[in-house]
Amino acid sequence: MIEVRKMQLAAKREANGVAHHAVVAKHACVIGAGYSGLAAARYLQEYGVNFTVYEASRHIGGTWRFDPHVGTDEDGLPLFTSMYKKLRTNTPRQTMEYAGYPFPENTPSYPSGGCFYKYLQSFVKHFDLMKYIRFRSLVTRVRWADDHWDLTYIDSDDKNSYTDACDFLIIASGQYSNPVKPTFQGQDIFKGNIIHSHDYKDPEVFRGRKVMVVGAGASGLDLATHLSNVTAKLVHSHHLNYNQPKFPGNYVKKPDINLFTTDGVIFQDGSFEDIDDVILCTGYEYNHSFVDESAGLTVSGKFVLPLYQHIVNIRHPTMTFLGVVGKVITRVMDAQAQYAAALAGGLFELPSQQSMLRTWLDHVRSLRTKNLKIIDVNIVGDDMDYYFANLTCEAGVVRAPPVLKAMRDFNAVNRLEDLLNYRDYDYQILDDCTYDRKYNPRPEDTCYIDI
């Protein structure tokens, strides 16, 4: 069977016009066993590449696994999940599914976080991926060592440090584990509690209390809908212009924070509210602190550069990233994973370094025409369907149908128009360009996946 697969891949390389001397990775290393890392594992296995997945925790799933711990896990490591009870996806599941591996047909279009985690578990089981994952292995450094990568990790079981050699790297360490925590004047004298949504677990903890949520991104709006039903008072500080729904009477909309007092907050309009607890829904930054300067990249919490196709380290093309891309649907990470695995498997060849750099510089110059800055260099946004097409054209990645962008765009608007009810609708893809949407409210924990 293995020899047959090798012959099939050789034929595919030839069909793609790839030279017979195209390099196939001897040992690829994947960092992270969340959504993206698992996608990479699937494709590396399919393409016959020898590989290992390094996962810091004891579990698969990354941010999609609920963990009751706060701050650190059972091994004393920082938590890499931001999952909380009662979470449901805020985009239709069809935009989040792995290529060729759909949810059961009758699954709600906005499944619960628990249901999505079951989906990842079923994916691992279906493709028999668990055998490739080295759990409790926290990667602390990746360094270019002349002709390969040295990957150093700490085994949280014996607390020792080990280094493995890899000739291809796929970094899939996630986007939602490094919270942004702004500071405010007077915060040090405030006697209440201040946490980031990364540490938020359950609305019941705040029952009967006076709570302030800061921010109106995906988490901020979600927590507002949950907490307004259990708190004595919910103060929501944000500057989003949207169709605010009719919240319960305990909901108080406030502008941005001016300063903290010992028992509350003064806002920019001069008003005051007494507060017990503050939840900062202020987003996340990338964390690639383990990437050594020998990689030749400029790495920050806002961006990684220069990356060809938002994936490939131009200076060392055997290093690839998944998920360093903004304003896209989750399915993009699956496409990126297939692209990276196809590169590791020798199924296509990259352009020259000079050509890749020229393409990247053209992208940088285009930012100005879109009123964007260099910190936005990893944003795809409205160009998402074009991005999918590029990956397909270059690497033979399964083409995500244009209908997914249409669904994404409609959902982005509709979510802000009908915050309390938009998840009561189910989507059905009719063809590559059209979909249907019907009202079908169901219990939030409806799920048809058995593990």
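Here are the numbers for the structure shown:
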quantity	calculated
ALA224 part of a loop (DSSP other than H, G, I, E, B) and not assigned by the TED database to the domain that holds THR89	no
Some residue of segment 421-444 being farther than 20 Å from THR107 by Cα, free of Cβ contacts under 8 Å to residues at least 24 places away in the same chain and open to solvent by less than 50 Å² (accessible area, probe 1.4 Å)	no
Any hit, segment 322-332, residues being in a helix (DSSP H, G or I) and at pLDDT 95 or above	yes
Qualifying residue in segment 98-121 (condition: small (Gly, Ala, Ser), in contact with a strand residue (DSSP E or B) (Cβ under 9 Å, 6 or more places away or on another chain) and more than 30 Å from GLY396 (Cβ to Cβ))	yes
Looking only at segment 51-83, and only at residues there that are in contact with a Gly (Cβ under 8 Å, 6 or more places away or on another chain) and not in a loop (DSSP other than H, G, I, E, B), the one that is most open to solvent (accessible area, probe 1.4 Å)	PRO78
Any chance ASP426 is under 28 Å from HIS226 (Cα atoms) and either outside any helix (DSSP H, G or I) or out of contact with any helix residue (DSSP H, G or I) (no Cβ under 7 Å at 6 or more places or on another chain) (or both)	yes
Those residues of segment 310-329 which are open to solvent by less than 30 Å² (accessible area, probe 1.4 Å) and over 20 Å from THR152 (Cβ atoms), in sequence order	HIS310, ILE311, VAL312, ILE314, LEU322, GLY323, VAL324, VAL325, GLY326, ILE329
Options PRO255, PRO245: the member that is surrounded by 15 or more Cβ atoms within 10 Å (Cβ to Cβ) and not β-branched (Val, Ile, Thr)	PRO245
Every pair of residues 6+ apart whose Cβ atoms lie under 9 Å, when the first sits in segment 139-150 and is at pLDDT below 95 while the second is outside any loop (DSSP other than H, G, I, E, B)	none
Wholly enclosed strands (runs of 3 or more DSSP E) of segment 103-207 bearing at least 2 residues open to solvent by 30 Å² or more (accessible area, probe 1.4 Å) and more than 19 Å from VAL70 (Cα to Cα)	137-144, 149-155, 161-166
Single residue of ARG368, ARG399 found to be open to solvent by 50 Å² or more (accessible area, probe 1.4 Å), assigned by the TED database to the domain that holds VAL312 and either of a type in the set (Val, Ile, Thr) or part of a helix (DSSP H, G or I) (or both)	ARG368
Candidate set: segment 371-391, residues that are under 25 Å from LEU343 (Cβ atoms) and touching a helix residue (DSSP H, G or I) at 6+ places or on another chain (Cβ under 8 Å); chosen: the one most open to solvent (accessible area, probe 1.4 Å)	ASP385
Residue in segment 285-292 that is in contact with a strand residue (DSSP E or B) (Cβ under 9 Å, 6 or more places away or on another chain), more than 22 Å from THR81 (Cβ to Cβ) and without any contact (Cβ under 8 Å) to a residue 60 or more places away in the chain present	no
Which listed residue is under 22 Å from ASP188 (Cβ atoms), in contact with a helix residue (DSSP H, G or I) (Cβ under 7 Å, 6 or more places away or on another chain), open to solvent by less than 30 Å² (accessible area, probe 1.4 Å) and in a strand (DSSP E or B), from VAL211, VAL265	VAL211
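The values are calculated or read from the model by the stated rules, or taken from the named source; none is laboratory data. This is a predicted model, so every value here is computed, not measured. Every residue, glycine among them, receives a Cβ derived from its backbone with ideal geometry; neighbour counts consider all protein chains shown. The protein model used for the area step is the full one, side chains on, heavy atoms only, and it has no ligands, DNA or RNA in it. Shrake-Rupley method; radii C 1.70, N 1.55, O 1.52, S 1.80 Å.
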